[in-house]
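Notes follow the structure.
Readers should treat all values here as calculations from the given coordinates under stated rules, not as data from a laboratory. Quantities reported herein were computed from a predicted structural model and do not represent experimental measurements. Positions of Cβ are backbone-derived with ideal geometry, glycine not excepted, and every protein chain shown enters the neighbour counts.
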Amino acid sequence: MWFNSWEFLYFLPSVLLIYYILNRQAQNIWLLAASYFFYGWWDWRFLSLILASTLVDYFAGLFIHKTKEAKKRRRGLYASLFMNLGALGLFKYFNFFVDSFAALGDSFGLNFNTPAMRLLPPVGISFYTFQTLSYTIDIYRNKQKPVTNFINFALYVTYFPQLVAGPIERAKSLLPQIENKRIVSQEQFQAGILLILIGLFKKIAIADAAAPLVDEIFSNPQAQTSTILLKGLYLFSLQIYCDFSGYSSIARGVSKLIGIELSENFQTPYLSANITDFWRRWHISLSQWLRDYLYIPLGGNKFGTVKTYRNLLLTMLIGGLWHGANWTFVVWGGLHGLFLAAHKKFTEIRSVAESVKQKNKHPFLTILNVFITFHLVALAWIFFRSPDFATAWNYLSGLINWHGGFQLSYLKLPFFLIALLAPLEWLQSRSFDVLSVTRLPIPARAFYYMAMIIAIIILGGNDVPFIYFQF
Amino acid sequence: MSRSSIFNFETLQIPRKGLFTQAAKLTIAGLLLCELAIRLTVPAGQIPTGSWYNHTIRLQNAKLHKLEKIDIYFIGTSISCVNIPPKAFDEVLENYGIKNSSFNAGIAGPDFVGVAAAMKHLYWPQKQAKTAVLVVAPNDLNSANIAVRERTQAYAASFEQPAFAAATVDFLSHFWLFGFRKELKAWPKKGWQFDAVDVGSQGFTPLPNLQRRRWQTDYRIEPDGPVAAALFDLIDWLSERDVSLILINGLSEPAEITRIPQAQLDNFEIIMARCAAQNRVKYVDVSSINPVAVNFVDQLHIYEDAAKIYARQLAYLFISEGVLQADSK
């Protein structure tokens, strides 16, 4: 059930109407039932896996907390890791590794009889796996107490607004809200509706408008001129951002209507002045997860320059692989790892040369930095979007070996979509709050709401699924 | 209420007066103004249905809705609905004392997968007929045209929406801002696209643009492919409903036929032969009445006047072949 589907239009009000008249514990049972229904709508068989994961992590959490002996605590953690990473590996990466192994064998002239097991990966498995992993790891690190109420824990794992594409919520932030009484105030309700409106606007008016052209251009990059390839690159950069941040906005809005606050996942990332800043503002919940559960345990920046770069690179490679079982995602992650390492080196040099730091405060340099950062990110998107290396390479070489002249008129659509998005981004960048639109004067606000509603109505109807649901 | 009750009404704390802010009221007023402007601007005779089906199908559907009963359905693509005006066909039958009401359910745009979906999900649930004329040309079974295949997928998917989704779209279409969203979307680029096709009586849809148009397409006609399967399935589906089926070759410009590779033409003949072999299907050879090249607007469609003559000749042919008398009297 997509957030932009007719089903959800009926599902959400039905859930809320009953939710608002129940007491807290009944509310949690109701939300849990609604979440299972929401998830089972794709395929009811997926429920068995999420239920198994919930059970294992619930008991693992209790066991780790109760046990004093370090060895046994570790066993409890391993059980959780085995269950979660095992399921993730089996459903999402088994075929990828088997196929890669076979391809490697082929290149050495060895023909392996690889097992053929085509499993459909459950929707959002990467998201809820990371969320439940953080729970057991935090208990193991004595940073979190386990939940004793199974319903509350099951709701933490399957809470429908963020189940399939995040934000990846930590137990310390989401669980207390599940366990305590909730109140939906007037401000919260209005903010929730506004977030849903903004999310739908980003998804339908911008991401879905870009989608058909992106598909066409990426399906055959050799046949396109360089200007069209550039157009495809800009359009995909817009599409992926508006698709994912639109989803996150709807998720936050829906959750606000329930009385639960979800964390902000995007902070105008394309206005970042460097790549490190970009990762502080793009898919924030994943970046923080990777930092806390991968980068820092690997040693972070504590063991010298070389190991710091290695850790950065490893974290980003795994972050890339997290997105999908394809080497193109690994390369995408690797590129970002290299960019981050390069920026780290540059920052070290720059901190020595104080004069450069002074110059960087000039607004023109900031704009230049934003421009460069955006284009580096956009170039890396080529690997993210391409189905294989051949396509990515054709795309890149089509851009590098510029051909077919430059037609500014071809870039009309990206510029138009940027113009649609710009007021929202500008307002958000000033206060780091997507709801800053509410601070506009009333007529301007009304005009903006109206424009968004009309754009949703007129441009809607494509029913393009959210990109991140596949992860 | 007792303490143990599962009910509690304290979660939502919104004062009644605070439900709509000033900005929300202004937004609603603005939307109502837009709705009013659209209602005042849109010319009469258009049907707002929220881009659920393409406009031609909407208008065809509205025409079908007005008819009391249907005796004969013409089923096919635009090769059916552009080339066979049912009114001219019925007039001839009436001269022979056969009171008949036929409807052309041919739909422009998709291949036979879309045709079958429209018949099953849109036309047939409204009106049933005892006889159907299946109009099939090589182009209708061609799966090489990617654009047509994609369009067909979109058509078929729109027909197969759940009832509640279709009902929602129908309800929302009472707001013209929603109902004409497809036209509004195209408006800045192409101007107001009020039904480029003039759907005449009984589903006939003459081409609006009378300039000759040419296009090139490859041909791939697969007897075991999905398009042919949709045709076979439609025949089975109609046969199960006791419909007598008349199968005829749809029109193609003579030059277009020569352009189709012989192997693909052979495949087309295989499909037609398979259809004709079905119990309730009667194949009628219409090659003797095919219009000459000068009557064609493009490779597949003929001018309105030529279409009227063709429909009359078709009626004469059916009578002379004796295929209509039994069922349609």
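Would you list the P(r) distribution for the protein assembly as shown, with all Cα-Cα distances sorted into 20 Å bins from 0 and each bin expressed as a whole %?
Pair shares across the bins are 13, 38, 33, 14, 1, 0.
How big is segment A:1-156 by Rg and Dmax over its Cα atoms, in Å?
Looking at segment A:1-156, its Cα Rg and Dmax stand at 19.6, 67 Å.
Over segment B:47-328, consider all pairs of different Cα atoms and compute the Kirkwood hydrodynamic radius from their mean reciprocal separation; express it in Å, one decimal.
Final number for the Kirkwood radius of segment B:47-328 is 19.2 Å.
List the residues whose amide H sits under 5 Å from the amide H of B:Leu12, counting only those 5 or more places along or on another chain, with H placed 1.01 Å from N in the peptide plane.
Distant-sequence amide H within range of B:Leu12: A:Val184.
Normalized C-alpha radius of gyration of segment A:187-470, against 2.2 N^0.38 Å? Present the calculation step by step, with values, prior to reporting the outcome.
Working: Rg = 19.7 Å, N = 284, 2.2 N^0.38 = 18.8 Å.
That works out to 1.05 for segment A:187-470.
Separation of segment B:247-282 and segment B:152-182 by C-alpha centroid, Å?
That distance is 34 Å.
Determine Rg/Rh for segment A:179-279; Rg is computed over alpha-carbon atoms and Rh is the Kirkwood hydrodynamic estimate from the same atoms. Present the calculation step by step, with values, prior to reporting the outcome.
Numbers: Rg = 17.4 Å, Rh = 15.3 Å.
Reported Rg/Rh, Kirkwood definition of Rh: 1.13.
Arrange A:Thr438, A:Thr315 by Cβ neighbour counts within 10 Å, fewest through most, would you? Provide the component values of the computation, followed by the final result.
Values: A:Thr438 15, A:Thr315 24.
Lowest to highest Cβ neighbour count: A:Thr438, A:Thr315.
Provide the percentage of antiparallel DSSP beta bridges, counting only those with both residues in the protein assembly as shown; round to the nearest 5.
Working: 3 of 22 bridges.
Roughly 15 percent of the beta bridges in the protein assembly as shown run antiparallel, per DSSP.
Please give every one of the aspartates and glutamates within straight-line cross-link reach of B:Lys182, meaning a C-alpha to C-alpha distance under 17 Å, and leave out same-chain neighbours fewer than 8 residues apart.
A:Asp208, A:Asp463, B:Glu35, B:Asp170, B:Asp195
What FRET efficiency would be calculated for the residue pair A:Leu51, B:Asp233, taking the C-beta separation as r and a Förster radius of 51 Å, to the nearest 0.05?
Values: r = 39 Å, r/R0 = 0.77.
After rounding to 0.05, the efficiency reads 0.85.
Just report the Cα centroid separation between segment A:2-76 and segment A:176-213, whole Å.
One Cα centre to the other: 21 Å.
Search the structure for amide H atoms under 5 Å from the amide H of B:Asn104, placed 1.01 Å from N in the peptide plane, and list their residues when 5 or more places away or on another chain.
When sequence neighbours closer than 5 places are left aside, the close amide H contacts are B:Phe74, B:Gly203, B:Phe204.
For the residues A:Tyr410, A:Tyr135, what sequence is obtained by ranking on other C-beta atoms within 10 Å, fewest first? Working shown, then result.
Working: A:Tyr410 16, A:Tyr135 26.
In order of increasing Cβ crowding within 10 Å: A:Tyr410, A:Tyr135.
Quick one: B:Leu64, A:Leu9, A:Leu32, fewest Cβ neighbours within 10 Å first, how do they rank? Intermediate results must be reported in sequence, preceding the final value.
Values: B:Leu64 19, A:Leu9 15, A:Leu32 23.
Lowest to highest Cβ neighbour count: A:Leu9, B:Leu64, A:Leu32.
Do me a favour and compute the ellipsoid semi-axes for segment A:13-74 from its Cα gyration tensor, root of five times each eigenvalue, largest one first, whole Å. Kindly include the intermediate steps, with their values, before the conclusion.
Details: eigenvalues 200, 62, 5 Å².
After scaling each eigenvalue by five and taking roots: 32, 18, 5 Å.
Given the pairs A:Lys203/B:Lys66; A:Lys203/A:Lys307; B:Lys69/B:Lys308; A:Lys92/A:Lys202, which span a C-alpha to C-alpha distance of over 32 angstrom in this model?
Working: A:Lys203/B:Lys66 40 Å; A:Lys203/A:Lys307 40 Å; B:Lys69/B:Lys308 22 Å; A:Lys92/A:Lys202 29 Å.
Pairs exceeding the cut-off: A:Lys203/B:Lys66; A:Lys203/A:Lys307.
Pulled fully out, how much extra length does the chain show between A:Asp106 and A:Ser436, if you take 0.36 nm times their separation in residues and subtract their Cα-Cα distance? Before the final figure, lay out the partial values.
Details: separation 330, 0.36 × 330 = 118.80 nm, distance 5.62 nm.
Stretched out fully, the A:Asp106 to A:Ser436 stretch lengthens by 113.2 nm.
For segment B:133-184, what percent of Cα pairs sit more than 14 Å apart?
Working: 921 of 1326 pairs.
Here the tail beyond 14 Å accounts for 69 percent of pairs.
Treat each spin label as a single point 7 Å out from the Cα along the C-beta direction, and report the A:Trp44 to B:Asp170 distance in nm.
2.8 nm
Pull out the extension gain between B:His121 and B:Glu94, defined as 0.36 nm times the separation in residues minus the alpha carbon to alpha carbon distance; nm, one decimal. Show your work: numbers first, answer last.
Details: separation 27, 0.36 × 27 = 9.72 nm, distance 3.05 nm.
Full-extension gain reported as 6.7 nm.
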